[in-house]
Structure formats: structure tokens, C-alpha cells
Amino acid sequence: MMNLLKFEWRKLRQSKALYIVYGLGLVTITLMMLLSKIMGAKADNATAMMTSAIGGSSMISLTGIYLALFACGDYSQHTIKNIYARGYSRTAVYFSKYLVSLLVVFAAAIMYMVYTFLLAVIFGNHVQNISAFQWGSFALQFLWLIGIHGLYFGLSTMVEKTGIAVALNLFGITLVFSLLDLLINLIFVKVDNFNFNITDYQLEYVLMPLISGQALTKAELIRALVIPLSYAVVFVGGGWLVSQRRDV
Amino acid sequence: MSESQNNYVVETNNLTKTYGSKTVLDHVNMHVAQGDIYGFIGKNGAGKTTLMKLLLGMSQPTSGTMSLFGTDKLSLARHHIGSLIEEPALYHGCTAAENMRRFAILANADTSEVDEILRFVGLGDVGTKKVGKFSLGMKQRLGIAIAMLGHPDLLILDEPINGLDPEGIKEIRDLLLRLNREQGVTVLVSSHLLDELAKITTRYGIINHGRLVEEISAEDLMKQCQQKLHIVTEQPAVAAKLIKKLSPKAKITANENSLDVVDEKLESAKVNQALVNGGVDVTSITFAADKMEDYFIQRMGGRA
């Protein structure tokens, strides 16, 4: 397993795609802040801006692209053959990729938060101490990252083709939820007081209350705890099952 | 874990692979001994690559078992195998050296091996050129170089000389011979270039439509294919006795109206004289030889 981690880490360090994708995100943050400053938008404090850095930037979409490239890379280039042929189990190969890519997503999130904070300070936004609520929000956001990472990573491994994985990660989930929402509403159109909303279970909607700065309701807190972990278990498990059976 | 008592590096037992209703490998029992250069021969689609992929864990068998280095702990055994299956699988955006360094980690190889092996396969001077810009022959050499990382005890090579020029083919052939003779590396190699394979192979496996038709040593194959006297006569039994008197070591196969005699020291004139003196009517005496290529083609189910 240690060899696999070293191998994945070496690939990652030299991955131009990684630097381009996340570098693009930093450029976007800079431009957005510059634009706000020029337009004279009401400035939030730097600490609050840091709390909303993950959801308020393009990081999630870029993570979808990066994970598709990373998870599918060895399958689409067929280099996975060389890895299996050296006697490494499919489970070890899969989870080494999972762990390394999760660490990168965490590192990217921290980088985005710190960068947003520093930029806000440079632009003259005032700084507040991090509140207990904000520490809790950070923790829940990292839990949420485990969910979104699991979703993108598992899906990408299942489909194996980079292009399809990118499309699925960027648009597929939203599309599926929109269609399901439409279908459910059509089916239950005549039921009185029907207030089930499937999009409440979409990861993006779970994140919103965490970055809003408002106190969470009990339902929101439960969703923030349970839904990301459920996504991770289902999609990482699904990707693992597919990787076990696939001929390369 | 079951340990077999023989010295087979590769042994399969009724190994079968099916895709839906299509049987690609059908109860294959293969035996590759320590020190062999095992030539695996068959038409396109006969099952050569599929079998190699099963041995390397790239694909799962439908039924049957296999052992590598006498053990059924396949993952551990595969640490001692270097392989090249189909086209070389490489990181095209990287240099040859970087590809080697990455796979060196997986092969537990020292990075000092990298330059040495690259020079060995004739890629010592490619510098910073990206692998994506390599010719097919260069990629093939790099694929072989990656297979050599970590001093493997067994090399499994699927069509390794594909895309190489005659000089490159000779270099790879010499390389395999050196690895086999100097370092005792066992080699399982497939190729459709029978002449090239015949120059190095010590044992052959012939596969046709997923079935291993025959395993034969190079020595036995040479005997099968060596020149023989083909004698047409109405009295093959009498003729056989006379020839045995003339040369007790001769190998004689008698048929209804003819017999084949294999003895490299026997001259046709002497045989003819002995038969005539013994009262045997000889219709004809000719030299016949089974060509190696014909031998394979016959067992592979005719020409493709």
C-alpha cells in the first residue's frame, strides 16, 4: 500500500492538470473580489468570507473536473495494467487513489479558505475572531467534502472515461435530481399537503446552510451530518465494486 | 496455501474464460518450467493475450486455477513478474525516465536501475523527449524496459517485437536470451513471427480457439521437423527390418505402402542397395521434411 501511495503522490505532484484546474479557481476568486471592490459592493468581514470560500467559489466544479481526470487517468491510459500486473490488489489500488485524492481536495479547500481570507484582508475587509459556530461550520464543510469527493471519485471510477466523468460530475447530478424532482411532483400532484422535496438531499443544498452564517436548524444539522457520509459510502462503495470486476 | 512439488513457474489447471456465451479460453493446462523461454503461438484471437492477462490479474478467470512460482498466492507471486501486454501502457506526457521512475516505485526497484535499463534497451539518449512523441518501436522498447524493472524472475511478453525494425528485433531477441542465460529469467513470450520465436524458444505452447493444442519442447519439435527418408514400397514391414539391420538407431514409421526413416547418418543410396539386395521392390526414395511453420499452422487449424 505504501508503494501505491508513493506512486499516486508522485503522479499527482507532476500533474499539470491539477495545478491548472485549481490555479484557475484562485484566479476566479481574485477576479470576483476585484470586481466586487470596483463595483463598491458591501464588504463582508474576512473571516466570514473564509467560511463561505468553498461554496462561494468555483472550487466544487473544479474538483469535479480534477477528480474525473485523476480517477479515470490510469484506466483511460491503460496504465492500470502495469499496476495490477505487479501484484497490487484492486482494493489497495482503488483506496490509494481515494486517499491521495481526498487529501488533495482537503488541501485545496484549506488553500481556498486561506487565500480568500488573505485577499480579503489585502482588500481592506476587517477581520473578526473565528466564532464557535464558524469552527463548527468548518468541520461540517470538511465532512461535506468527504461526501462530494466520494460522489465524484466513485462516479468517475465507475464510468472510467474521462470525458463522460467530467460531464457527469459537472451536470449529471443536478440533471438527475431535477428529473427526479419533476417526476415525483408529477406522480404526487394530486396528494394534498405533499411537501417532500428531493433536492433537499442533493449535496449542494446540504452545503448552503453551512456557509450562510445563520444558525442551523436541527433538520439541517442532521442532514449535514448524515447525507455527505451516505453519499461517500454509496458512491465509493459502488466505484470499489466496479473496480473489482473490471477487466483491463 | 498449496505448494506444488514441481518446478513450474506457471501452471494452469483447466483455466477457462468466457464472455457471455463465448468461450475465449477452454480448460487450458499450461506448464512453464523454471528457465524456459516458452513461445506461445496461436492465431489472432486464439486466446494468447487473454491467458496472459489472467496470469497477471488483469482479468478474472471464469473457472479453473493457476499457480505462479508454485504458489497460489498470486498477488505475492506477481511481484516477481515483469510484463508487457498488448501495446505498452505509458504516461504519454512524461519522459521515458519519468515513466520508469514511476513504475520503479511499484516494482520496488532502485532508481539507479532506470538509466541502466534505458541504455540496455537503446533508449539511453532520448533525454527530455515526451513519450507521446516516441515511435512505436521506441514505445515498445520502453514497455520492455518497464517490464525489466526490479529484476523479475519471470517476464510475460505479448508480441514484444511488434513494430520493431529488424535490428530492433535482433536486439530484443538477444536481450531475452541474455536475461534467460545470464540471470536465469524465465520468459513467456507470444509472437506471430514464428521464425523469430524459433530462434530463442526452448518450449512451445500452441493455442487454437482457446484450447492449448500442444506443448512441445524445441528439441522434440526439431526432431519432428527434421529430414527423413520417405520410401514407397509394397513391402514396408520387410523393408523396415532390413533398415533396422543397417542402422539399429534409425527411427522408422511404417505405413500401408510406405515408411518414413529418420536417421541423420543414413544415406539414401545405401538404403536403396540394402532393400534391393533384400528383395524389396522400391518404388521411390525421396527426402521429405516437415517445415516448422507447416507444423504450427497444421496445429493452429490451418492458415488464417
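Can you compute the FRET efficiency between A:Thr174 and B:Leu193 using 1/(1 + (r/R0)^6), with r the Cβ-Cβ distance and R0 = 41 Å? Round to the nearest 0.05. List each step's numbers first, then the result.
Details: r = 54 Å, r/R0 = 1.31.
Once rounded, the FRET efficiency stands at 0.15.
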Determine the distance separating the Cα centre of the range A:180-237 from the Cα centre of the range B:266-289; give it in Å without decimals.
96
Once amide hydrogens are built 1.01 Å from N within the peptide plane, the residues lying 5 or more places from B:Thr233 or on another chain with amide H under 5 Å from its amide H are B:Ser258, B:Leu259, B:Thr283
Considering Cα pairs under 8 angstrom that are at least six residues apart, work out the relative contact order of chain A and quote it in whole percent.
29
Take the alpha carbon gyration tensor of the range B:8-218, find the square roots of its eigenvalues, order them as a ≥ b ≥ c, and report rounded if a/c is under 1.5; if not, report prolate when a/b exceeds b/c, else oblate.
prolate
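Let's test the formula: R0 of 22 Å, r as the Cβ-Cβ distance of B:Ser21 and A:Arg245. What FRET efficiency results, to the nearest 0.05?
On the way: r = 19 Å, r/R0 = 0.84.
Using R0 = 22 Å, I get an efficiency of 0.75.
What pairs from B:Lys48/B:Lys199; B:Lys245/B:Lys265; B:Lys129/B:Lys199; A:Lys81/B:Lys139; B:Lys53/B:Lys139; B:Lys228/B:Lys291 go past 23 Å between their alpha carbons? Let's see the in-between values first.
Details: B:Lys48/B:Lys199 20 Å; B:Lys245/B:Lys265 14 Å; B:Lys129/B:Lys199 34 Å; A:Lys81/B:Lys139 16 Å; B:Lys53/B:Lys139 20 Å; B:Lys228/B:Lys291 12 Å.
Long pairs (Cα-Cα over 23 Å): B:Lys129/B:Lys199.
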Percent antiparallel among DSSP beta bridges confined to the range B:8-218, rounded to 5, stands at 55
Using label points projected 7 Å from each Cα along Cα→Cβ, tell me how many nm separate A:Trp135 and B:Arg119, to one decimal.
6.0
Stokes-Einstein, Kirkwood over Cα pairs, the protein assembly as shown, 4 °C, 1.567 mPa s; D in µm²/s equals 46
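Return the average number of partner chain Cβ atoms within 10 angstrom of each residue Cβ along peptide A:68-79. Please report the intermediate quantities before stating the final value.
Details: counts 0, 0, 0, 0, 0, 1, 2, 0, 0, 5, 7, 9.
So the per-residue partner count for this stretch is 2.
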From the convex hull of the Cα coordinates of the range A:1-72, what is the mean projected area in square nanometres?
6.2
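Regarding the range A:2-245, what's the average projected area of the Cα-atom convex hull, expressed in nm²?
Numbers: hull surface 63.2 nm².
Here the figure is 15.8 nm², rounded to one decimal.
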Report the label-to-label distance for A:Arg13 and B:Gln273 in nanometres (one decimal), using points 7 Å from each Cα along the Cα→Cβ vector.
8.2
In order over the range A:104-114: 3J(HN,Hα) from phi, Karplus 6.51/-1.76/1.60, θ = phi - 60°, whole Hz, x for each Gly or Pro, gives 5, 5, 4, 4, 5, 4, 5, 4, 5, 5, 5
When the Karplus curve 6.51 cos²θ - 1.76 cosθ + 1.60 is applied with θ = phi - 60°, which whole-Hz ³J(HN,Hα) does each residue of the range A:77-91 get, with x for Gly and Pro?
8, 6, 5, 4, 4, 5, 6, 4, 5, 8, x, 7, 5, 5, 5
Ordered by residue, what ³J(HN,Hα) values in Hz, to whole numbers, does the range B:172-188 give under the Karplus form 6.51 cos²θ - 1.76 cosθ + 1.60, where θ = phi - 60° and Gly and Pro are x?
5, 4, 5, 4, 5, 4, 4, 4, 5, 7, 8, 10, x, 6, 7, 10, 10
Here the residues of the range B:236-269 lying in the modelled label zone of B:Phe287, meaning backbone nitrogen under 20 Å from a point 7 Å along Cα-to-Cβ, are B:247, B:250-253, B:259-269
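Evaluate E = 1/(1 + (r/R0)^6) for A:Gln214 and A:Gln77, where r is the Cβ-Cβ distance and R0 equals 30 Å; express this FRET efficiency to the nearest 0.05. The partial results should precede the final answer.
Values: r = 46 Å, r/R0 = 1.53.
Once the sixth-power term is evaluated, E becomes 0.05.
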Expressed in nanometres to one decimal, the distance between label points 7 Å along Cα→Cβ at B:Glu214 and A:Val234 is 5.9
Spatially proximal aspartates and glutamates relative to B:Lys17 (Cα-Cα < 13 Å; intrachain offsets below 8 disregarded):
A:Asp247, B:Asp26
Please report how far the C-alpha centroid of the range B:63-95 lies from that of the range A:67-138, rounded to the nearest whole angstrom.
30
Stick to Cα atoms and the Kirkwood definition of Rh, then tell me Rg/Rh for the range A:1-126.
1.12
Three-way shape label, the range B:227-288, alpha-carbon gyration tensor, a/c 1.5
rounded
Considering the Cα trace of the range B:151-259, what is its radius of gyration and what is Dmax, both in angstroms?
20.0, 61
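I need the peptides A:86-94, B:124-132, A:29-37, A:59-67 ranked by packing, meaning the mean over residues of other C-beta atoms within 10 angstrom, with the highest value on top. Show your work: numbers first, answer last.
Values: A:86-94: 19.4, B:124-132: 12.7, A:29-37: 14.2, A:59-67: 23.4.
Ranking, from highest mean packing down: A:59-67, A:86-94, A:29-37, B:124-132.
A short reminder: the numbers here are calculations on the coordinates, not readings from a lab. The shown structure was predicted, so the numbers you read here are calculated from the model rather than taken from an experiment. Virtual Cβ from ideal backbone geometry, glycine too; neighbours counted across all protein chains shown.
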